[in-house]
Amino acid sequence: MKILGIGSRINHPEYGKGVITNVSSKDYWVTFIESGLETIALNSEFEVIEAAENEVDTISFYDIESSLKSILRKWSDVTETVPMADKWKGGDLILKPGQAGVQGKEVAIDTFFNKIVMVRDRLRVMEQKINASNLDNSEKVDLQQYITRIYGSLTTFNVLFKTNSDYFVGEKSK
């Protein structure tokens, strides 16, 4: 099967006439006159009106972008955008000292939340670096247990996160 290039014109039995605007390893992205942008499998049945002879990049920009994001998330110290629970937005964290005559501290919850997210992200990076290191497996396991316990200590702050998937997770009870 010959893969059509970007700019090829086709006539699809369901969607009608369209132009191939992108090609991935599995699909053509086709802009159809009647139905707009659709993805169709490379082996779909359609009539070729005019085949473009340009070279085809079988990896789409979307695939490259997704891969790059995944690599950066896994190996860099870049903090991802994590949503805070709406009820806390614009609020303040107030620390009241137990001793008389000592001044308290007030911090914007947004600032505090961002610091918590940075701690979580840096723990993840540390975890990746430990896994990729030349340490022997028993040393890796020991360090992983410390990280798991740190996550467990930070579960108190899960109340600040909007989605459960962003929560800190420590050791599961048996």
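Find the accessible area per residue for segment 108-174; the probe is 1.4 Å, ligands and nucleic acids are left out, and the unit is Å². The partial results should precede the final answer.
On the way: 4410 Å² over 67 residues.
Result: 66 Å² of accessible area for each residue.
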Exercise. For the Cα atoms of the chain, what angle does the longest principal axis make with the long axis of helix 137-153, in degrees from 0 to 90, nearest 10?
Worked result: 70
Exercise. Between A51 and L72, what FRET efficiency follows from the Cβ-Cβ distance if R0 is 35 Å, with the result rounded to 0.05?
Worked result: 0.40
For this session: Pull out the extension gain between S25 and A100, defined as 0.36 nm times the separation in residues minus the alpha carbon to alpha carbon distance; nm, one decimal.
Result: 20.2 nm
For this session: For helix 61-75, report the angle its Cα long axis makes with the longest principal axis of the Cα atoms of the chain; keep it between 0 and 90° and round to the nearest 10°.
Result: 20
Exercise. In nm, to one decimal, how far is the I3 label point from the K89 one, both placed 7 Å along Cα→Cβ?
Worked result: 4.2
Problem set entry | Extreme residue, positive dipole direction of the chain, given options N43, S133, Y28 (C-beta unit charges) | S133
Problem set entry | Accessible surface of the chain [probe 1.4 Å, protein heavy atoms]: carbon and sulfur percent | 53
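Listed here are the pairs K26/K69; K69/K129; K105/K162; K26/K162; which of them are more than 23 Å apart at the Cα?
Beyond 23 Å between Cα atoms: K105/K162; K26/K162.
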Exercise. Hey, of [x] 22; [y] 42; [z] 55, which did the structure itself give for percent of Cα pairs over 28 Å apart when calculated?
Worked result: [z]
Exercise. Mind checking the angle between helix 109-132 and the chain's longest principal axis? C-alpha axes, 0 to 90 degrees, to the nearest 10.
Worked result: 70
Exercise. After finding the eigenvalues of the alpha carbon gyration tensor for segment 81-146, what semi-axes result from the square roots of 5 times each, listed largest first in whole Å?
Worked result: 36, 18, 8
For this session: Can you list which of the trypsin sites (Lys or Arg not before Pro) found in segment 87-170 are DSSP loop residues with at most 14 other C-beta atoms within 10 Å?
Result: K89, K162
Exercise. Given DSSP loops and a limit of at most 15 other Cβ atoms within 10 Å, what is the longest stretch of the chain that contains no such GluC sites (Glu not before Pro)?
Worked result: 81-170
Exercise. Taking 0.36 nm per intervening residue step and subtracting the Cα-Cα distance, what contour gain separates L37 from R124 on full extension?
Worked result: 27.5 nm
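The values are calculated or read from the model by the stated rules, or taken from the named source; none is laboratory data. No experiment lies behind these values; they were computed from the predicted model shown. Because the Cβ atoms are built from the backbone with ideal geometry, glycine has one as well, and the counts that use them run over all protein chains shown. Side chains are part of the model used for accessible areas, which takes the heavy atoms of the whole protein and leaves out ligands, DNA and RNA. Shrake-Rupley method; radii C 1.70, N 1.55, O 1.52, S 1.80 Å.
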